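Values quoted throughout were computed directly from the atomic coordinates according to the rules given, and no laboratory measurement underlies them. Small disclaimer: the values here were computed from a predicted structure and weren't measured. Cβ coordinates were reconstructed from backbone atoms using ideal geometry, including for glycine residues, and neighbour counts include every protein chain displayed.
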Amino acid sequence: MTVQLKAADGHEFGAYVAGPEDAAVGLVVIQEIFGVNHHMRNVCEGFAAHGYRVVSPALFDRAERGVELGYGPEDRQRGLALRAGIGEAAVMADVAAAAESLGGRRLGIVGYCWGGTIAWWGATRTGLFRAAVGYYGGGIVATKDAAPRCPVQLHFGELDGSIPLKDVEAIRAAQPGVEVFVYGAAQHGFACDERESFKPDAATLAEERTLAFLNRHLG
């Protein structure tokens, strides 16, 4: 279901919520540059099926409300333009509001694409989370030297055209305590079954690693 949340600066935005209300553990799931679309809702429902209470904030509501994009070239360009109009501080205000909406639960954050970078910010810029997982976050390398405040796991594709392996290795070198996985022959978006780049074997393995990591740190 979709609910309305309010950030500390007064901005009101939508958020997709799933999972048992009595769950002891919660996840903030962060969108790609395509909005909280059909795929992101499916991701939320997947985590919910494992017993998590999940909230996915509609970050694009800062620029335009109700945006749900597909994965074609025009959608990508529109998503990039929307993202460019939203400041990092505003993004983190919405992430904090989503975390607050989950109450006193043990919290993790998981993000994909743009959300992969934001999950890294959640680990390094806030003390809200006990675990963070980022999938193909292209912006992580820009703040690779930031100190995580919780355990972090990162997933990248070997053939990601927007994240060169030298960036991944730079992150790995700067963060020896972070789990960094690279999936052979996988491209950007390999975990999304609605993209042409979907790679089922890599997606399955990444999901298994993600769930094990979250269980280890959130219980």
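One table, with the values for the structure above:
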| item | result |
| --- | --- |
| Calculated from backbone phi, Karplus (6.51, -1.76, 1.60) coupling profile of the range 143-152 in Hz, x at Gly/Pro | 10, 5, 8, 5, 8, x, 9, 8, x, 10 |
| Interchain or long-range residues, amide H under 5 Å from G139's placed H | T117 |
| The range 2-218 pair-distance distribution - Cα-Cα, 5 Å bins, rounded % | 1, 8, 17, 22, 22, 18, 10, 3, 0 |
| Label-to-label distance, nm, for residues given as H50 and M1 (7 Å Cα→Cβ offset) | 2.5 |
| Mean-position separation - Cα centroids, the range 68-92 and the range 126-203, in angstrom | 19 |
| 20 Å reach of a label modelled at N42, 7 Å along Cα-to-Cβ, counting backbone N of the range 1-36 | 1-2, 16-19, 29-36 |
| Placed amide H near R149: partners under 5 Å, 5+ positions off or other chain | T124 |
| Distance between the range 1-51 and the range 94-112 - C-alpha centres, whole angstrom | 9 |
| Bins of 5 Å from zero: percent of alpha-carbon pairs in the range 99-186 | 3, 16, 28, 25, 14, 8, 4, 2, 0 |
| Unit charges on C-beta of K, R, D, E only; dipole of the range 54-180, Debye | 380 |
| Tail fraction, Cα-Cα pairs, the range 1-116, threshold 17 Å, whole percent | 50 |
| Most to least packed among 102-110, 193-201 [average Cβ atoms within 10 Å] | 102-110, 193-201 |
| Gained length - N215 relative to E64, 0.36 nm times residue gap less alpha-carbon distance | 50.8 nm |
